[in-house]
Structure formats: structure tokens, C-alpha cells
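As C-alpha cells, the structure follows; a few thoughts come after it.
The values are calculated or read from the model by the stated rules, or taken from the named source; none is laboratory data. What you see is a predicted model, and the numbers here were worked out from it, not measured in a lab. In this analysis, Cβ positions are derived from the backbone assuming ideal geometry, glycine residues included, and neighbour counts consider all displayed protein chains. Just the protein is used for accessible areas: all its heavy atoms, side chains included, with ligands, DNA and RNA removed. Shrake-Rupley method; radii C 1.70, N 1.55, O 1.52, S 1.80 Å.
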Amino acid sequence: MKRKRILAAIAAAAVLGTSGCGIPQKNTDEYKVAMVTDTGGVNDQAFNQLAWEGLQQFSEETGAAVSYIESKQASDYVTNMDRATDGFNDLVWGTGFAMADPIATISRLNPDISFALIDNEVPDSPFNVTSVVFRAEEPSFVVGYIAGRTTQTNKVGYVGAVKTDTSNQFEYGYSAGVAWAAKEMGKEIEIFVQMTESYADAAKAKAVANKMYSSGCDVIFHAAGGAGYGVIEAAKEWDKFVIGVDKDQSYLAPDNVLTSALKKVNVAISLVSKMAMDGEEIGGKTLSYGLKEECVGIPSENPNLDPAIYEDAMKIMEQIQNGEIIPPKTPEQYEEFLREGGL
């Protein structure tokens with residue numbers, strides 16, 4: 001796509017200055033991609049960081065120029081998306097479910113620019129917007145099964161951030177996995193669930209986790225973005241297990257991270273950016289990625305996990321891949337899953 005490039009060198013420098021990071025632009029005709037983070041920031045050790053790693057990988061493989069703009073608060077989203085369109089970018093990514101409405105607004109004002117949203121669908125998707133979603137209920141079911149098989153107290157927890165359709169995938173997928181393990185072992189397992197109402201408030205997440213651990217939980221799964229640091233810190237202090245999210249978070253607490261529910265945002269962003277660069281007609285579409293596409297899963301190395309439980313978890317993954325198990329992602333699907341499975 002060719003668009004008017006006035007004072008391109010100055011504009012490119014401006015984009016790098018506002019983003020705080022990026023690969024220097026080599027010429028005015030190269031393909032350029034910008035990313036706008038949610039409030040978790042680009043160094044959240046989870047979703048946003050993975051997205052940026054994916055763009056960097058895409059840049060290394062194609063020579064495209066990439067940059068990012070961090071959002072400090074939700075009110076920055078529309079402004080930052082608009083700023084990204086001023087940088088002569090060919091493709092602009094929004095990271096996280098909350099970017100749906102800002103992208104819907106800005107994309108309609110910029111029909112000559114391609115946009116993509118990771119982890120949600122843009123309502124009434126315009127022709128120049130690609131939505132990328134993950135079947136997060138699939139790895140969540142697997143780690144729920146692992147939690148259910150691992151707990152010694154028969155009490156496990158789930159700490160989320162904000163209640164959304166996306167967060168429901170994690171919560172109900174996880175809860176269903178726990179229920180599956182409980183039935184397999186012939187016992188009842190209590191699940192504690194609480195939201196932090198923030199993707200950045202690690203102190204609140206830690207307080208929530210502390211309460212769960214003090215109530216007897218010995219495994220907690222967090223899907224709270226940067227706030228999840230607090231859950232991991234609580235796990236270390238209580239010397240209990242925590243399950244990470246999005247990326248392998250074992251390095252944050254080598255003795256306490258049981259496993260992680262991987263959402264390979266980096267793989268998806270690199271893949272879709274390449275599709276857009278190659279001119280594939282993906283605008284106006286929603287692309288769904290899960291276990292079959294190898295865009296979700298759990299780490300291959302889990303030092304704190306019983307090898308026998310890991311092997312059984314791999315069998316669960318195979319059953320999900322071939323459709324024998326369909327993890328729920330909504331409250332209604334969860335209730336139906338329990339009824340139909342006799343759980």
C-alpha cells in the first residue's frame with residue numbers, strides 16, 4: 001500500500017520518540033507495524049510482552065519496522081491508537097480485549113490503514129480490521145486438570161482481573177478441568193474465584209491470593225496480566241503452588257510455579273503480521289487459534305509437576321485436539337458441561 005509520505009524521516013523519529021522503543025526505519029517504503037499496549041505495559045512479563053516479542057520476531061524475519069506505544073490508563077487507548085496512525089504505519093495492532101472499541105473507532109477514520117486486534121473481536125468488524133482470538137479455555141482446562149490432580153487440600157483458586165468474555169474462557173475452562181480431575185479421582189474439590197478489577201494492581205492480587213492460601217488453597221491459577229505478579233509473590237511467601245499465564249512464568253518463582261497456561265501471542269502476532277504484509281485478504285475476519293494451531297498449551301518442562309500427572313495432562317490435550325473434550329468458555333457452557341459429564 002502506498003500513502004503520502006511527507007517528511008518521512010521526521011515522522012519516523014517522532015513515532016520512535018512516543019513509543020519509547022522500536023527498530024530504526026530504514027527507508028520510506030518499508031512495511032511498518034505499530035502496537036498499542038493495554039494498561040499492563042510492554043514489560044508485563046505476560047500478554048503485552050509476548051505481543052512485542054512477536055513483532056520483534058516478525059521484524060527479524062521480514063525486515064519490517066516495528067514500534068510500540070504504551071497505554072498508562074484506559075483513557076489513553078483511543079488517543080494512542082490515533083497516534084499510531086500518524087506514524088505512516090501499514091498495520092496497527094491493539095493488544096487486549098479492551099482495545100476493541102478504540103480500534104472500531106479509529107479504523108473507520110483511517111480506511112487506508114490495516115488494523116488487528118489480539119484477544120478479542122472488533123464489533124461489526126470493518127473491512128480493514130482483523131480480529132485474532134485464542135481458545136484460552138483449552139489450556140485453562142489442562143491446567144485446571146493439573147491443579148485438581150495436584151492439590152492435597154482439595155481446595156484450589158482462580159484469580160482473574162476484569163470479568164469479560166475473554167476472562168470467562170480462563171475461569172470456566174479451568175474450573176471444568178478441576179471438575180474433570182475431581183471426578184477421575186472420585187472426590188470433591190472446592191474452587192475459590194475472585195477478580196482483582198485491574199490488570200496492573202499487583203498488591204490487590206497478592207491480597208486476594210493471600211486470602212485464598214490462608215483459606216486452604218494449595219494451588220492458584222492466575223489470569224490477571226501484570227497484577228498476577230502479586231499472586232506469584234504470595235505463592236512464594238506461602239510456599240504454595242501457582243499456575244502462570246500467557247507465557248512460561250516459572251522463572252519468576254522456580255520452586256512455586258507448577259505450570260503455565262500458554263497463550264502464544266508472539267506466534268499469532270508474527271503469523272498474522274506476515275499474512276497482512278503478504279497481502280492476504282484477512283480484513284473483516286476473525287482468526288481463531290488453539291491447540292490444533294499450536295498457539296496455546298503448557299510448557300514442555302515443568303520441574304515441579306509430577307511426571308505421571310504431566311503424561312495424563314498430555315492425554316487430555318489430545319482429547320481436546322480431537323474433539324473428545326470440548327472445554328466450556330461461558331457460565332452456561334460450564335453448567336452444561338457439568339451436567340452432561342456427570343461432574
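Go through (1) modelled with pLDDT of 95 or more; (2) under 21 Å from residue 57 (Cβ atoms); (3) part of a loop (DSSP other than H, G, I, E, B) for residue 293 and report which single condition fails.
Failed condition: (1).
Taking residue 119 as meeting all but one of (1) buried (at least 24 other Cβ atoms within 10 Å of the Cβ); (2) free of Cβ contacts under 8 Å to residues at least 40 places away in the same chain; (3) of a type in the set (Asp, Glu), write down the number of the exception.
Only one criterion is unmet by residue 119, namely (2).
Looking at segment 271-292, which of its residues are open to solvent by less than 10 Å² (accessible area, probe 1.4 Å) and either of a type in the set (Ser, Thr, Tyr) or in contact with a His (Cβ under 8 Å, 6 or more places away or on another chain) (or both)?
Once the filter is applied, which keeps residues that are open to solvent by less than 10 Å² (accessible area, probe 1.4 Å) and either of a type in the set (Ser, Thr, Tyr) or in contact with a His (Cβ under 8 Å, 6 or more places away or on another chain) (or both), segment 271-292 yields only 273.
What pairs come out if I take residues in segment 315-343 that are under 15 Å from residue 184 (Cβ atoms) and free of Cβ contacts under 8 Å to residues at least 24 places away in the same chain and pair them with residues that are β-branched (Val, Ile, Thr) and outside any helix (DSSP H, G or I) whose C-beta lies under 8 Å away, six or more apart or interchain?
Listed by first residue and then by second, the contacts come to 319/325.
Report every pair of residues separated by at least 6 positions or lying on different chains whose Cβ atoms are under 6 Å apart, first residue within segment 155-175 and under 11 Å from residue 193 (Cα atoms), second surrounded by fewer than 21 Cβ atoms within 10 Å (Cβ to Cβ) and at pLDDT below 95.
Taking only residues 6 or more apart or on different chains, the pairs are 160/167.
Quick check: anything in segment 147-165 among the hydrophobic types (A, V, I, L, M, F, W, C), open to solvent by less than 20 Å² (accessible area, probe 1.4 Å), in contact with a Leu (Cβ under 6 Å, 6 or more places away or on another chain) and part of a helix (DSSP H, G or I)? Walk me through how you get there before you give the answer.
We begin by selecting, within segment 147-165, every residue among the hydrophobic types (A, V, I, L, M, F, W, C); these are 147, 156, 159, 161-162.
Now drop any that are not open to solvent by less than 20 Å² (accessible area, probe 1.4 Å), which leaves 147, 156, 159, 161.
In the following step, the residues that additionally are in contact with a Leu (Cβ under 6 Å, 6 or more places away or on another chain) were identified as none.
Checked segment 147-165: no residue is among the hydrophobic types (A, V, I, L, M, F, W, C), open to solvent by less than 20 Å² (accessible area, probe 1.4 Å), in contact with a Leu (Cβ under 6 Å, 6 or more places away or on another chain) and part of a helix (DSSP H, G or I).
Starting from segment 84-112, take each residue that is within 28 Å of residue 224 (Cβ to Cβ) and of a type in the set (D, E, K, R) and list its partners that are open to solvent by 10 Å² or more (accessible area, probe 1.4 Å) and in a loop (DSSP other than H, G, I, E, B), counting only C-beta distances under 8 angstrom and pairs at least six apart or across chains.
So the pair list comes out as 101/123.
State whether the residues of segment 189-208 include one that is touching a Phe, Trp or Tyr at 6+ places or on another chain (Cβ under 8 Å), without any contact (Cβ under 8 Å) to a residue 60 or more places away in the chain and part of a loop (DSSP other than H, G, I, E, B).
For segment 189-208, residues touching a Phe, Trp or Tyr at 6+ places or on another chain (Cβ under 8 Å), without any contact (Cβ under 8 Å) to a residue 60 or more places away in the chain and part of a loop (DSSP other than H, G, I, E, B): absent.
Out of the residues in segment 221-251 that are part of a strand (DSSP E or B) and at negative phi, which is most open to solvent (accessible area, probe 1.4 Å)?
Taking the candidates together, the pick is 241.
Could you say which residue among 112, 124 is more than 24 Å from residue 39 (Cβ to Cβ), modelled with pLDDT under 95 and not in a helix (DSSP H, G or I)?
Going through 112, 124 in turn, the sole match is 124.
Out of the residues in segment 77-99 that are in a helix (DSSP H, G or I) and over 20 Å from the mean Cα position of the chain (by Cα), state the one that is surrounded by the fewest Cβ atoms within 10 Å (Cβ to Cβ).
Ranking the qualifying residues of segment 77-99, first place goes to 79.
Would you please list the contacts, defined by Cβ atoms under 7 Å and residues six or more apart or on different chains, that run from a residue in segment 250-277 that is under 30 Å from residue 219 (Cα atoms) to a residue that is part of a helix (DSSP H, G or I) and charged (D, E, K, R)?
253/236; 256/236; 266/53
Give segment 293-305 a look and list any residue that's open to solvent by 40 Å² or more (accessible area, probe 1.4 Å) and either within 20 Å of the chain's Cα centre (by Cα) or of a type in the set (Asp, Glu) (or both), or say none.
Matches in segment 293-305: 293, 294, 300, 301.
Which one of the conditions (1) open to solvent by 70 Å² or more (accessible area, probe 1.4 Å); (2) touching a Gly at 6+ places or on another chain (Cβ under 9 Å); (3) in a helix (DSSP H, G or I) does residue 317 fail to meet, given that it meets all the rest?
Evaluating residue 317 over (1) open to solvent by 70 Å² or more (accessible area, probe 1.4 Å); (2) touching a Gly at 6+ places or on another chain (Cβ under 9 Å); (3) in a helix (DSSP H, G or I) leaves (1) as the failure.
Taking residue 124 as the residue in question, decide whether it is of a type in the set (Asp, Glu) and within 23 Å of residue 41 (Cα to Cα).
Here the answer is no, as residue 124 does not meet what is asked.
Checking residue 68 against (1) crowded, with 24+ Cβ neighbours inside 10 Å; (2) outside any strand (DSSP E or B); (3) modelled with pLDDT of 95 or more, which single condition isn't satisfied?
Only one criterion is unmet by residue 68, namely (2).
Could we say that residue 308 is out of contact with any helix residue (DSSP H, G or I) (no Cβ under 8 Å at 6 or more places or on another chain), open to solvent by less than 30 Å² (accessible area, probe 1.4 Å), farther than 21 Å from residue 225 by Cβ and assigned to a helix (DSSP H, G or I) here?
So residue 308 does not fit the description; no.
When the residues of segment 203-226 are narrowed to those that are at pLDDT below 95 and touching an Asp or Glu at 6+ places or on another chain (Cβ under 8 Å), which ends up farthest from residue 171 (Cα to Cα)?
So the residue we want is 226.
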